[in-house]
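Engineer: Below is one structure. I have some questions about it.
The values are calculated or read from the model by the stated rules, or taken from the named source; none is laboratory data. Please read all numbers here as calculations on a predicted model, not as lab measurements. With ideal geometry, Cβ positions are generated from the backbone for all residues, glycine too; neighbour counts draw on all protein chains shown.
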Amino acid sequence: MSTPSFRGLSALGFLGCAFGLVFALYLQHVRHFEPCAMCIFQRIAMIGVGLAFLAAAVHAPRRGGRLVYAGAETLAGAIGAGIAARQVWLQSLPPDQAPACGPTLQYLLHMLPVTKVVTMVLKGDGNCAKIDAQWLGITLPGWTLIAFIGFILFAWAAALYAPRASRYA
């Protein structure tokens with residue numbers, strides 16, 4: 001049995017991101033979990049990671065290009081992990097120390113410049129501190145944090161250890 005190619009591993013990374021986004025949409029539209037602004041930003045970061053994996057799968061570069069794609073996947077993943085970690089921290093605060101609930105992201109985007117909205121969202125509010133569900137004792141942002149770290153590690157493993165493709169593959 002041969003080791004999967006870089007192209008195949010990148011496609012697998014893309015599918016993992018797509019699964020994560022489909023699951024988030026399932027939770028929103030079927031289970032009626034309303035995403036907070038930080039959750040939406042995490043989705044955007046997941047899209048970024050997924051698009052980087054997709055581009056890597058389509059391009060299937062040699063060693064130097066693989067490192068560039070792993071860097072792009074890491075950048076998007078680190079942004080997402082940072083947002084998820086911030087939300088996990090907000091959720092760990094005692095209720096009396098959690099920030100007050102704020103307006104919706106849609107309202108903020110309508111009323112304020114984008115840079116101010118991003119700053120406000122990254123600070124978090126009471127909506128982001130609310131725990132909707134847990135699985136195995138870990139909240140949804142906790143699982144998202146784990147996923148981002150996993151995607152970063154997977155990106156580097158694919159870039160560094162996938163076998164070199166033949167010239168004609």
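Engineer: In region 76-91, is there at least one residue being closer than 23 Å to residue 120 by Cα, crowded, with 16+ Cβ neighbours inside 10 Å and among the polar types (S, T, N, Q)?
Structural biologist: yes
Engineer: What single numbered condition from (1) of a type in the set (D, E, K, R); (2) more than 20 Å from residue 149 (Cα to Cα); (3) in a helix (DSSP H, G or I) fails to hold for residue 96?
Structural biologist: Failed condition: (3).
Engineer: Residue 70: over 11 Å from the mean Cα position of the chain (by Cα), under 26 Å from residue 131 (Cβ atoms) and surrounded by 21 or more Cβ atoms within 10 Å (Cβ to Cβ), yes or no?
Structural biologist: no
Engineer: What pairs can you find where one residue is in region 90-109 and under 22 Å from residue 138 (Cα atoms) and at pLDDT 75 or above, the other is of a type in the set (A, V, I, L, M, F, W, C) and in a helix (DSSP H, G or I), and their Cβ atoms are less than 6 Å apart, with a gap of 6+ or different chains?
Structural biologist: Partner pairs satisfying both residue conditions: 90/128; 90/129; 91/129.
Engineer: Across region 111-139, which residue is farthest from residue 27 (Cα to Cα) among those that are at pLDDT 70 or above and either touching a strand residue (DSSP E or B) at 6+ places or on another chain (Cβ under 8 Å) or of a type in the set (D, E, K, R) (or both)?
Structural biologist: Per the criteria, the residue is 116.
Every residue, every condition in (1) at negative phi; (2) surrounded by 14 or more Cβ atoms within 10 Å (Cβ to Cβ), yes or no:
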| residue | (1), (2) |
| --- | --- |
| 2 | yes, no |
| 15 | yes, yes |
| 24 | yes, yes |
| 32 | no, no |
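Engineer: In addition: Name the residues in region 37-89 that are assigned to a helix (DSSP H, G or I) and charged (D, E, K, R), would you?
Structural biologist: If we filter region 37-89 for residues that are assigned to a helix (DSSP H, G or I), which is where we start, we get 37-59, 63-89.
Selection gives 43, 63, 66, 73, 86.
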